[in-house]
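The values are calculated or read from the model by the stated rules, or taken from the named source; none is laboratory data. These numbers come from a predicted model, not from an experiment. Using ideal geometry, Cβ is built from the backbone for each residue, glycine included, and neighbour counts are taken over all protein chains shown. Just so you know, the surface numbers come from the protein's heavy atoms only, side chains and all, with ligands and any DNA or RNA stripped out. Shrake-Rupley method; radii C 1.70, N 1.55, O 1.52, S 1.80 Å.
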Amino acid sequence: MSESTHNALNALLYNTGGERRDFMLVLATNRAEDLDHAILDRCDDSLFFPLPDEECRKDLITQYYNQYVKRLMYDNSQINEPARLRLPFLRNYNQQSATRPVREILSDSQLSEAAVATKGFSGREIG
């Protein structure tokens, strides 16, 4: 364990050593088995969140698709030179095409296929 990790652990253990009403620590991990036993002993409650099921994965994928792809395609204010350079599908975009509807990049069935393909992924891994 590095010195900085050791110092961080000592500070954490010092602040969680007894009951306090002015301190709350929330830990989130998908690898609880890797947490130090001294930290786990100081946790009063534990909640388990399972991996998202297929319907939830599709909802997440659809949400991110709408937020980061579809919105960008429909919102003229988001289409700027840096975006055109970063996103290959926008390289041929011009302001005149903004008046025409933009075709869908992914269909609903493709989003469903992505949900099936991401079985076992956490919400963080999908996002």
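Numerical summary
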quantity	calculated
Residue list for segment 5-24, restricted to those being open to solvent by 80 Å² or more (accessible area, probe 1.4 Å) and either closer than 27 Å to Ser122 by Cβ or in contact with a Phe, Trp or Tyr (Cβ under 9 Å, 6 or more places away or on another chain) (or both)	Met24
Residues satisfying the stated conditions in segment 37-62, i.e. more than 19 Å from Val26 (Cβ to Cβ) and surrounded by 12 or more Cβ atoms within 10 Å (Cβ to Cβ)	Leu51, Pro52, Glu54, Cys56, Arg57, Lys58, Asp59, Leu60, Ile61, Thr62
Qualifying positions in segment 1-17 - of a type outside the set (Phe, Trp, Tyr) and within 18 Å of His37 (Cβ to Cβ)	Met1, Thr5, His6, Ala8, Leu9, Asn10, Ala11, Leu12, Leu13, Asn15, Thr16, Gly17
Checking Ala28 against (1) open to solvent by 60 Å² or more (accessible area, probe 1.4 Å); (2) more than 30 Å from Glu113 (Cα to Cα); (3) modelled with pLDDT of 80 or more, the condition it does not meet	(2)
Subset of segment 108-119 (residues that are open to solvent by less than 50 Å² (accessible area, probe 1.4 Å) and not in a helix (DSSP H, G or I))	Thr118
